Amino acid sequence: MITFTKELWRYYAGISVLTVLASLTTVVVPLLSGWAIEEIRKGAAASIKHVIILALLLFIMDVLGNILNNINGYYGDQLSAKLNKLLAVRYFEHLLDLPQKFFDTELTGKLTNRLNRSVMQISNFVQAMTNNFMQFIFSTIFALVIVAFYSWPVALMLLSLYPLYIWLTIKSSDTWQSYQKDKNEQYDIANGRFTESIAQVKVIKSFIQEKHELGFFTRHTDKAVQINVPQSKYWHKRDVRRRLLLNVIFLAVYSYIFVTAVHGSISPGVAVALILYAQQIRIPIFTISFLVDSTQRAMADSKDYFDIMSIEPEIADHDGSEPIKLAGTEIVFKDVSFGYDDKHMVLNGLDFTVSQGTKVALVGESGEGKTTITNLLMRLYEPQQGTITIGGTDINTVTQKSLRQQIGVVFQDPALFSGTIRENIAYSNQSASEAEVIAAAKAANAHEFISEFEKSYDTQIGERGLKLSGGQKQRIAIARALLKDAPILILDEATSSLDSRSEVMVQEALERLMHGRTTIIIAHRLSTIQSVDQIITISQGRVDEVGSPHELAKTKGIYAQLLSLQNREPTEKTREQLKEFEIAG
Ligand code: ADP
Ligand code: MG
């Protein structure tokens, strides 16, 4: 399971000791009561002093118990808060380490929902265990020993309860767990969609699908509620049986105590003490079912959590990986074949070279694998076959972090975080100085519009702040990439979602960004491509043609076709064809 930190163990041990002390205060109560009754029975010969002392002792036990329990509660709260933190931080840390592939198939909402549920149940469980388990063991043993001292048949009867009761509880656990699993599945689906809906609420509104989304959510939560009916019925039916068994055994216990007391084999004081102990033992027995209940709840509800925690990152650093030492930035793909799954290959023996300091455009129809090539270069995925080298070094032999440090990326969707503009620009380099941030913004054509905001670089953007236009966001993303100052640059349709006016500003910024860097451009406009050093056209997962724009314009290849399409009067058809290449007509 989870390995606790030393600090948590200290709390755990402290709580256990305190619980034992606290249960000591309750466990002596029947004994004191029995003595009091013995004294009272002496009638006129009874000592008032004695009974008062016994009353005072009972009082002291109560007060001690009260104080100890509250100190214990305090440590319990601390333990639970620290445990929550530990579980959540470990989960987040682990998630961040998982490969891109994992996130391709998981809904965000599901991931967060699992965390919340698991953390809650695990900490409930630990709290239940710390508060009850030691107390249960201790007070049970203590009570049984005393009972055995006075009457071993009663002790034996009480002892027989435990294995029977535990066995019955555990027997019903499997069925309960399988219900719980089904229930959790429904909750995960519902909450996954919930988070997705909130994130894309604009789409819902524009298609007027509020009802549909609410319906989806209600349907799945309803299913969970429906599963709850047989689950709870099952559990409580079993509980009635379990308790019936307990009731029958207690019938025997009480009868035995009463009859032996009437016979005079035990004194009334002992009889009272035995009855009180028998009753005290009932409580820990119920605790068993509570403990089993919370154990199975924790097991069922944290299963997904531990499933995720046990996923080994597929694309980890290989043994002996070292930080990359750049001998140059020439990028070579050699016989690279790759598919996101083994059935559908996207790239089939791809070969190409991007010389140091040059700009290379990838051209190919939508879905041909241009973005995939950049994913492989960043090692977000690993090719099934072939090698990728940078400056002669195989990227499989270096650490992922050092590799990604060398590559700046501007995506089609700028994806900024909520926070200030400054924080977003400095995202790639958290220790950047004010001057560096401003210089990057200036080079990205962003300084001007940022300065017009009242709070300038401290303006909050994103969820809780100012909304920026697509072009403004993109220029901040470029400033972010500039500040990273990586020798290799990937521009994946960085201008495709922009209107032509902001595109000019962004284009200028991109030119500055590309200066002196080895750049792979996936362009949205032919005009952008015309100024690159080389064009690589991709078709069916292979390189189709390589050459300068000038050279390729003369062949009959993809680029030449695109050029001629663009030079013709734009018609519906030519536009369609250009669109296939994700190029605006
Ligand atoms: P391009 O950028 O050239 O338009 P992509 O590289 O995005 O193309 O996609 C190439 C192919 O890989 C497409 O068929 C696409 O459906 C598939 N693909 C892209 N991303 C994933 C992914 N994360 N998981 C599975 N398949 C993917
Ligand atoms: Mg793409």
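Matching residues to (1) touching a strand residue (DSSP E or B) at 6+ places or on another chain (Cβ under 7 Å); (2) modelled with pLDDT of 80 or more; (3) basic (K, R):
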{"position": "S539", "(1), (2), (3)": "yes, yes, no"}
{"position": "R542", "(1), (2), (3)": "yes, yes, yes"}
{"position": "P549", "(1), (2), (3)": "yes, yes, no"}
{"position": "E569", "(1), (2), (3)": "no, no, no"}
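The set of residues in the range 345-364 being out of contact with any Leu (no Cβ under 9 Å at 6 or more places or on another chain), within 16 Å of ligand 2 (Cβ to nearest atom) and over 20 Å from I390 (Cβ atoms) consists of V346, G364.
When S431 is tested against (1) in a loop (DSSP other than H, G, I, E, B); (2) touching a residue at least 60 places away in the same chain (Cβ under 8 Å), exactly one condition is not met: (2). Scanning the range 397-414 for residues that are farther than 22 Å from E508 by Cβ and part of a loop (DSSP other than H, G, I, E, B) yields a count of 2.
Here is a yes/no grid of residues against (1) farther than 22 Å from I281 by Cα; (2) exposed (fewer than 12 other Cβ atoms within 10 Å of the Cβ); (3) among the β-branched types (V, I, T):
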site: I146; (1), (2), (3): no, no, yes
site: Y165; (1), (2), (3): no, no, no
site: Q177; (1), (2), (3): yes, no, no
site: I208; (1), (2), (3): yes, yes, yes
site: T221; (1), (2), (3): yes, no, yes
site: Y234; (1), (2), (3): yes, no, no
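Looking across the range 397-436, the residues that are among the hydroxyl-bearing types (S, T, Y), out of contact with any strand residue (DSSP E or B) (no Cβ under 8 Å at 6 or more places or on another chain) and exposed (fewer than 15 other Cβ atoms within 10 Å of the Cβ) come down to S431, S433.
Can you say whether S255 is closer than 21 Å to S160 by Cα, without any contact (Cβ under 8 Å) to a residue 24 or more places away in the chain and either in a helix (DSSP H, G or I) or touching a Cys at 6+ places or on another chain (Cβ under 6 Å) (or both), as far as the supplied structure shows? Spelling it out, S255 is indeed closer than 21 Å to S160 by Cα, without any contact (Cβ under 8 Å) to a residue 24 or more places away in the chain and either in a helix (DSSP H, G or I) or touching a Cys at 6+ places or on another chain (Cβ under 6 Å) (or both).
Taken over the range 97-113, the criterion of being among the basic types (K, R) and more than 21 Å from Q200 (Cβ to Cβ) is satisfied by K101 alone. Just one of the listed residues (G367, G386) is at positive phi and within 16 Å of ligand 2 (Cβ to nearest atom), namely G367. Annotation: V270 fulfils all but one of (1) over 21 Å from P163 (Cα atoms); (2) of a type outside the set (S, T, Y); (3) surrounded by fewer than 18 Cβ atoms within 10 Å (Cβ to Cβ); (4) in contact (Cβ under 8 Å) with a residue 24 or more places away in the chain; the unmet one is (3).
The values are calculated or read from the model by the stated rules, or taken from the named source; none is laboratory data. On a predicted model such as this, the values are computed, not experimentally measured, just so you know. Backbone-built Cβ (ideal geometry, glycine too); neighbour counts: all protein chains shown.
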